[in-house]
1. For B:Ala11, indicate whether it is small (Gly, Ala, Ser), within 16 Å of DNA strand C (Cβ to nearest atom) and open to solvent by 50 Å² or more (accessible area, probe 1.4 Å).
2. Considering each residue of segment A:40-51, count those that are surrounded by fewer than 16 Cβ atoms within 10 Å (Cβ to Cβ), in contact with an Asp or Glu (Cβ under 9 Å, 6 or more places away or on another chain) and not β-branched (Val, Ile, Thr), and give that number.
3. All but one of (1) away from DNA strand D (no atom under 12 Å from the Cβ); (2) over 30 Å from A:Arg46 (Cα atoms); (3) buried (at least 19 other Cβ atoms within 10 Å of the Cβ) hold for B:Glu31, so report the exception by its number.
4. Which numbered condition in (1) within 12 Å of DNA strand D (Cβ to nearest atom); (2) within 13 Å of chain A (Cβ to nearest Cβ) is the only one that B:Leu64 fails?
5. Say whether the condition of being closer than 18 Å to B:Gln220 by Cβ, open to solvent by less than 60 Å² (accessible area, probe 1.4 Å) and among the polar types (S, T, N, Q) is met by at least one residue in segment B:73-91.
6. Test B:Ala85 against the criterion of being at pLDDT 95 or above and more than 16 Å from DNA strand C (Cβ to nearest atom), and give yes or no.
7. With the checklist (1) touching a residue at least 24 places away in the same chain (Cβ under 8 Å); (2) more than 11 Å from chain A (Cβ to nearest Cβ) in hand, flag the one item B:Glu102 doesn't pass.
8. For segment B:272-328, which residues satisfy the criterion of being of a type in the set (Val, Ile, Thr), within 14 Å of chain A (Cβ to nearest Cβ) and more than 19 Å from the chain's Cα centre (by Cα)?
Number of protein chains: 2
Amino acid sequence: MASIKNVAAEAGVSVATVSRVLNDHPSVSAEARTRVLAAVETLGYRPNAVARSLRTDQTHTLGLVISDVLNPYFTELARSVEEEARALGYSVIIGNADEKPELQDHHIRNLLDRRIDGLLVSPTDGGSPLTLDAARGGTPMVFVDRWIPAVDVPVIRADGRAAVRDLVAHLHGLGHRRLAIIAGPAATTTGSERVEAFRAALREYGLPLPDAYIGQGDFQAESGRRATEAFLDLPEPPEVVFAADNLMALGALDAIRARGMRVPHDIALAAFDDIPWFVHTDPPITAIAQPTGELGRAAVRALVDRIEGRPPQSETFLARLVVRRSCGEPASPRGLSPQPPSPQRSNT
Amino acid sequence: MASIKNVAAEAGVSVATVSRVLNDHPSVSAEARTRVLAAVETLGYRPNAVARSLRTDQTHTLGLVISDVLNPYFTELARSVEEEARALGYSVIIGNADEKPELQDHHIRNLLDRRIDGLLVSPTDGGSPLTLDAARGGTPMVFVDRWIPAVDVPVIRADGRAAVRDLVAHLHGLGHRRLAIIAGPAATTTGSERVEAFRAALREYGLPLPDAYIGQGDFQAESGRRATEAFLDLPEPPEVVFAADNLMALGALDAIRARGMRVPHDIALAAFDDIPWFVHTDPPITAIAQPTGELGRAAVRALVDRIEGRPPQSETFLARLVVRRSCGEPASPRGLSPQPPSPQRSNT
DNA sequence: CTGAAAGCGCTTACAG
DNA sequence: CTGAAAGCGCTTACAG
């Protein structure tokens, strides 16, 4: 593959001049520029990004470590991250942790070794030593969706508490009193917060949240299935299952179907995170929707701000309830489907 | 960040010795090794992969350019690719073309500039000059799922012809005679092949495939919606719509639902590519399933073979029909759902 | 077993 | 405006 030396030789100039042309440095004569460009063309030369990175100590690359690519929520997040990064002149390398802390650490280490300019993380756990070191060690970092409380890293996320409250109001209005939740790992912020929001909302309605109605999941489908089976085996099964993410809702649906039961007739179902298929499932599933694309874009902007020396800002968006039919027919046709014109934010 | 020089100073040896220890070179004294390892530990040293790549001309990185990350088929493909690559000591950088040739070229160029060791591509088009140049220019390359006929590059893919024949047999058995297809872009192999397979199968049953029953889609949901609307506007609408991928099936479902029609009562629906949600849609959707994980893993193995100097092999897996209820109730309960114990392959 | 030195492909003060 | 030279952090013949 042609190197800058070959181009210099072909154009009859020094490599310094070639480099200047390539980097749009102002002090290059028009003639030199023309000759260099011609040489680049005939040789099909492309600068070696590896060499450039070594010299400039910049890779123009962002690392994104997500918990699970197969989760449509994270897929969409990854897509919006890549889009915004590209618009700002960065590439992104995705590391999929599959909800496994070791795998997350593997990717963080790999990304750090590649000297990415900044790291976007949606932590799978409460914070491995490696993650904490990286955060404190000066690697520009931003948390997105999930975060680690102990460290001083900007967080871009959605607050789902109001939406969970709306959901509980909806369920209560439908006459449901025995509500259960399939939680995510307690070590993740989204894992514990969604349970807390649910518990707080139930309290407002004077409803209990017995331990037996808290299924321990890991955000993957299989755990949703197991938790739901446990619920159905209870002497007094819940009337509603609220899955803390869409994959566990899928597992719950599998379990319900396997018993020949029907939603919402035999049991109601709702999920955190909305996906296009929820419109077409049997029945359409009531869900809490996050402004995923906005989260991804805001996270990139915050990270690039940090990288380029501007003060990054944490940002919190609002999730909202989307009522469909999986919890029963709403009393009134207009139901309780709050649709704020656009998600509000609060800067921190 | 500590460099190899700092480690050498700390350990009281030369950088060459440090390098040898790090690369498990045999001729290093036990004592030197111990001292170096200790220095690495105290400094928290991590080798700079950028510098190493420049020197060795290897990045241990594979590029994967897929047509659309939001398509669960490609998400799963990407996941299996990353898994197998990791097992073989490679990282992967994913480029999402979003079914846009320009974006595909952007990613290929970016990946080439980063000097990835090899490229896995599922081309969005019939072959841009850039792709062809890269293929001919000696960059190790393997096509996965879709391919470009003109170039000599190994192809890892699934053959869906038998499954499409099974599907048509199923539909015919159910009494359907007016069958329509939403095709992918003719410039992609999967776009044209699926139509051809469908046409050939219809011919076996003496059924026509009029132009009006061929909707032109682009593998994205919106195009599936538009094509379906056009079908429904026909004086004699089809009895069955076969979407050439799962996202266009989603769009078709949206269009059908928007007209207040029901599947399969008013119109039947089937899709190429199976996804977990198809079990839970209303009704469950009959689909053709590819062995996606196997495709991804085989593609990585072929590419790594090529990179490491072993002869790579093309491989063709078999897709299979999964009958559910979206085309009507099967005549016999055991239906026609061929389930070969394991997908067969044919090497080329 | 070990170190000094060259070199991978760039960029960038420095001098002219 | 231009070029010679240093240097980014590594690896690896080469000599000892």
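The values are calculated or read from the model by the stated rules, or taken from the named source; none is laboratory data. The shown structure was predicted, so the numbers you read here are calculated from the model rather than taken from an experiment. Counting neighbours? That spans all protein chains shown, and the Cβs are built from the backbone with ideal geometry, glycine included. Heads up: the accessible areas ignore ligands, DNA and RNA and are worked out on the full protein's heavy atoms, side chains in. Shrake-Rupley method; radii C 1.70, N 1.55, O 1.52, S 1.80 Å.
1. Numbers: small (Gly, Ala, Ser): yes; within 16 Å of DNA strand C (Cβ to nearest atom): yes; open to solvent by 50 Å² or more (accessible area, probe 1.4 Å): no.
For B:Ala11, the condition - small (Gly, Ala, Ser), within 16 Å of DNA strand C (Cβ to nearest atom) and open to solvent by 50 Å² or more (accessible area, probe 1.4 Å) - is not met.
2. So the count comes out to 2.
3. (3)
4. Looking at each condition in turn, B:Leu64 falls short on (1).
5. Quick first cut of segment B:73-91, residues closer than 18 Å to B:Gln220 by Cβ only: B:73-78.
Now narrow it down to the ones that are open to solvent by less than 60 Å² (accessible area, probe 1.4 Å): B:73-75, B:77-78.
The next check asks that each one be among the polar types (S, T, N, Q); those that pass are B:75.
Scanning segment B:73-91, I find at least one residue that is closer than 18 Å to B:Gln220 by Cβ, open to solvent by less than 60 Å² (accessible area, probe 1.4 Å) and among the polar types (S, T, N, Q), so the answer is yes.
6. Values: at pLDDT 95 or above: yes; more than 16 Å from DNA strand C (Cβ to nearest atom): yes.
Against the criterion (at pLDDT 95 or above and more than 16 Å from DNA strand C (Cβ to nearest atom)), B:Ala85 qualifies.
7. (1)
8. Of segment B:272-328, the ones of a type in the set (Val, Ile, Thr) are B:275, B:279, B:281, B:285-286, B:288, B:292, B:300, B:304, B:307, B:316, B:322-323.
Now drop any that are not within 14 Å of chain A (Cβ to nearest Cβ), which leaves B:275, B:279, B:281, B:285, B:292.
Correct list: B:Val279, B:Thr281, B:Ile285.
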